[in-house]
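Scroll down for the structure; my scribbles are underneath it.
Derivation of every value follows stated rules applied to the coordinates shown; laboratory data play no part. Owing to the predicted nature of the structure, the values given are computational and were not obtained by experimental measurement. When we count neighbours, we look across all protein chains shown, and the Cβ atoms used for this are built from the backbone with ideal geometry, even at glycine.
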Amino acid sequence: MDTDRIAPKPPVSVRPGGIGHLDRGAIQILMLTLIAVVLVVAALDLASAIVVPSVMAVLAAIALAPLARQVEKLRVPASVAAAVIVAGLVFSSVAMIYALLPSAEAWNARAPQVIREIELRVRHINVSFLDSIGATAKDVPEQSVTDGTTNPADVAPKPEEEKPVEDEDAIGKLVGDGQGVVADWAISAPGIVASAVYWSVLTFFLLRDRKMLGRKLLALGLVFSVRRALGRAMQDVQSDVASYLLAVTLINVALGFFVAGAFYLFGLPNAALWGVAAGVLNFMPFIGAAIMALITLGVGLVSFDEPLIALFLLAVVVGLNTIEGQIVTPMIIASRIRLPAIGIFVSIAFGAWLWGAMGALVATPTLIVCTAFLTRLSATRRAGRRD
């Protein structure tokens, strides 16, 4: 056999992009990146008392920047303009909280009773529905006994004297929980006031010194292409994102007025409280509307003897949210900023997990700002490399 005629085997090649393509350095970089992400998330959780008001101050400064520019065009100094805007915002917020606080405390005190009434109304609606289809709760045990498959003693109802004891225990637990919520609010009040003061001061400085801070940020670019990318990204945030945040805020305020008007026309007390709740919850797309729908249904079931009226009120609130989300907001904001629904949902869930209710509220505006800045920065840098 002639071994010289045997062709040598081709070398074994590793397909690019496979696991074999990763060397030890790439794996180490990947692991270090994961560790860094975990450490950053832990730090954000531990420093929530300072990070949350800081994020809110940055968002407020971005949204109020167009208003500050308009005031400064009237030859008003930047310090005076920023002070007037922040003071007006703080004063209006404090006045609104002061006006709505008695209503919120009254509903908090009624929380155990409201939950119990909702449960009774749901049971009554369920029994009425079963009666309408000809199958009541009494018919089911009787049919089981006649079939001979069930012992009458097994299906016999519990003695009536046991139910009040269970109900008292449940109501007592709910009352205790409500008192615990009030105690938690009382304990956390100094921290809330300190966070509000910190937010006010930081927002004032960000509005007053926004031009100087922009120059400092541009100075981070060591080469011209990076400075140009940063400048265009900042310009995008200052124009489109600021207008978007301000427009969304005004739309949510208008939605709150309409929801409050609907509650008032239906004769419900504390209509302003539910209007403010609708406006604030609408900063969380999709989820906020669902929460407001549940609140509306619960308040309607407790307040009206006829469930159809509660359902009609629910239909009105859902209709207002639908008009806002499908007609008003797209018409005013157009397609300037588009985000996938899954991204919004994940950001809200992550913010709620990390910082609670405030994290859920600031999640979507923060995602919008970061997405717009990074998208514009990346696009500008790619254009610079092509040039």
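Label positions at Val40 and Leu217, each projected 7 Å from the Cα along the C-beta direction, are separated by 1.7 nm.
Using the Karplus relation 6.51 cos²θ - 1.76 cosθ + 1.60 with θ = phi - 60°, the per-residue 3J(HN,Hα) values for the stretch 64-76 come to 8, 4, x, 5, 5, 5, 5, 5, 5, 5, 7, 6, 8 Hz, with x marking Gly and Pro. Our coupling estimate for the stretch 93-102, obtained by passing each phi through the Karplus curve with A = 6.51, B = -1.76, C = 1.60 and θ = phi - 60°, is 5, 5, 5, 5, 5, 4, 6, 9, 4, x Hz, Gly and Pro reported as x. Scalar couplings 3J(HN,Hα) for the stretch 251-263, obtained by applying the Karplus form with A = 6.51, B = -1.76, C = 1.60 to θ = phi - 60°, are 5, 5, 5, 4, 4, x, 5, 5, 5, 4, x, 5, 4 Hz; x denotes Gly and Pro. Simple spin-label estimate for Leu67 and Ile192 gives 2.2 nm between the two label positions (7 Å along the Cα-to-Cβ direction from each Cα).
Taking the number of other C-beta atoms within 10 Å as the exposure measure, put Trp353, Trp107 in order starting with the fewest. All intermediate terms of the calculation are to be shown ahead of the outcome.
On the way: Trp353 12, Trp107 15.
Ranked by crowding around the Cβ, least crowded first: Trp353, Trp107.
Annotation for the stretch 34-80 versus the stretch 355-378: alpha-carbon center distance of 11 Å.
A Förster radius of 30 Å combined with the Cβ-Cβ distance from Leu30 to Cys370 puts the calculated FRET efficiency at roughly 0.85.
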